[in-house]
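J.: Below is a structure I'd like to ask you about.
The values are calculated or read from the model by the stated rules, or taken from the named source; none is laboratory data. Quick caveat: nothing in here was measured; it's all calculated off a predicted structure. Here Cβ is always computed from backbone atoms with ideal geometry, including for glycine, and neighbour counts include all displayed protein chains. Calculation scope for accessible area: heavy atoms of the full protein, side chains included, ligands and nucleic acids excluded. Shrake-Rupley method; radii C 1.70, N 1.55, O 1.52, S 1.80 Å.
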Amino acid sequence: MKDIDSYGFPVTRTVRDPVLEGTWMVVARADEIGDQPFATSLLGERLVLWRDGDEVRAFKDLCIHRGTPLSLGRVEGSTLVCAYHGWRYDGSGRCTTIPAQPEGTPIPTKARALSYPCAVRYGLVWVAFETPKQPIPEHPEAALEDHRTLLCGPYLLEAEAPRVIENFLDVSHLMWVHEGYLGLPSHAEIPEHRVHQRGDRLVSDPITVLQPDPDGRGGSRTVPNHYVYEVLGPLTVGFRKADLESDEVFSMLFQVTPIAPRRSAAFALLSRNYALDAEDRTFIEFQDRIIEQDRLIVESQRPEEIPLDLQAELHLKSDRLAIAYRRYLRQLGVTVGVA
């Protein structure tokens with residue numbers, strides 16, 4: 001017997017995860033959603049995003065009438081119009097007009113699009129399949145007047161999302177994968193540190209890393225930075241790093257969304273309290289370069305899924321963040337991208 005959702009649709013999603021289905025995940029930049037429908041995917045299911053006045057709506061990309069993608073249609077006023085027969089759907093997903101029916105004919109209650117929780121924050125569109133159990137992760141620096149915040153991505157990666165997240169949390173790869181920028185092989189030792197669970201988050205002790213060019217601006221000195229990493233959700237992480245020889249602070253919120261098996265999209269918010277008049281392009285292009293260096297690693301790792309059995313791979317004290325993250329995923333019950 002086929003699974004049927006609450007509106008009578010056959011379930012076609014290729015990836016299921018009870019934890020992630022109730023988690024806010026980024027599916028697009030808000031500036032990508034214009035006056036036409038925008039098609040995207042989440043956990044193997046096609047979505048259509050569209051602007052309803054000041055709101056962004058997220059529907060399953062399917063017209064219930066004859067299975068046409070709603071993303072082929074158009075937006076008119078506060079309705080999404082199907083390209084096949086002109087059915088109109090309002091912001092709640094309710095069909096308001098069926099042109100082929102005589103005027104005054106009641107519209108069937110089943111005539112509706114499947115809508116999902118959707119919100120815009122930090123210039124990103126967040127969607128969940130079910131009512132989220134936790135709020136959208138916080139990035140408080142985005143609201144600070146003495147900080148500059150930039151949006152980077154999406155970066156499309158042929159890798160499982162937890163592998164990409166774990167790479168972000170891997171301090172000891174900075175000296176090798178990002179040599180000359182975020183680390184030096186001659187200073188590869190990772191100082192002793194712990195990872196703490198605080199409510200539903202993980203937070204690391206400060207970890208000092210020597211960095212020749214920590215943000216793409218170049219420079220003549222190697223900067224000692226204190227990193228504090230946070231795991232804010234199963235696929236949302238961040239860090240705050242402070243230059244120990246100045247008042248410069250750089251922070252990042254990093255979200256990786258599973259689009260389909262072996263395919264993810266990463267989005268990054270970069271905040272800084274210095275060089276506020278510098279060209280944004282410098283920092284964005286630097287992040288682009290770092291992601292491309294990481295791509296070679298995360299797209300080649302085997303197995304593609306993270307083994308949650310800690311005996312499956314060798315771990316060291318320097319891997320404490322990765323160990324804590326794997327235990328965290330197991331504690332939550334995440335099944336996508338793990339083994």
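J.: What figure in square angstrom, to the nearest 10, would you give for the accessible area of R148 with a 1.4 Å probe?
T.: So the heavy atoms of R148 present about 90 Å² to solvent.
J.: Taking the Cα centre as origin and putting +1 on Lys and Arg beta-carbons and -1 on Asp and Glu beta-carbons, what dipole magnitude results for the chain, to the nearest 20 debye?
T.: The dipole of the chain has a size of about 1300 debye.
J.: With a probe of 1.4 Å, find how much accessible area the range 25-70 has per residue, and write the answer as a whole number in Å².
T.: I get 38 Å² per residue for this part.
J.: Keeping every protein chain in place, order D54, D31 by accessible area at 1.4 Å, biggest value first, i.e. largest first.
T.: D54, D31
J.: Which one of P234, V75, P307 has its Cα pushed farthest toward the positive end of the charge dipole of the chain, where Lys and Arg give +1 and Asp and Glu give -1 at the Cβ?
T.: Farthest along the dipole direction, towards plus: V75.
J.: Tell me the per residue accessible area of the range 206-305 using a 1.4 Å probe; a whole number in Å² is fine.
T.: About 41 Å² of surface per residue is accessible.
J.: In the range 203-308, carbon and sulfur make up what percent of the accessible area (probe 1.4 Å)? Walk me through the numbers on the way to the answer.
T.: Details: 2060 of 4210 Å².
Percent of accessible area from carbon and sulfur atoms in the range 203-308: 49.
J.: For E145, E285, E189, what's the largest-to-smallest order of accessible area, 1.4 Å probe? Let's see the in-between values first.
T.: Values: E145 185, E285 90, E189 160 Å².
Ranked from most to least accessible, the order is E145, E189, E285.
J.: How about the chain: what cysteines have no other cysteine beta carbon under 4.7 Å from their own?
T.: When partners are defined as cysteine Cβ atoms under 4.7 Å apart, the chain leaves C95, C118, C152 without one.
J.: Now for a different question. Can you give the FRET efficiency to the nearest 0.05 for L150 and L314, using r as the Cβ-Cβ distance and R₀ = 25 Å?
T.: 0.10
J.: Of V195, V298, which has the most accessible area and how do the rest follow, probe 1.4 Å?
T.: Details: V195 40, V298 10 Å².
Putting V195, V298 in descending order of accessible area: V195, V298.
J.: While we're on this one: Considering only protein heavy atoms and a 1.4 Å probe, what is the carbon-and-sulfur percentage of the accessible area of the range 52-148?
T.: Of all accessible area on the range 52-148, carbon and sulfur atoms account for 50 percent.
J.: Here is a further query. From the list (1) 29; (2) 22; (3) 46, can you say which value of percent of Cα pairs over 35 Å apart was derived from the structure given?
T.: Computing percent of Cα pairs over 35 Å apart and matching it to (1) 29; (2) 22; (3) 46 gives (1).
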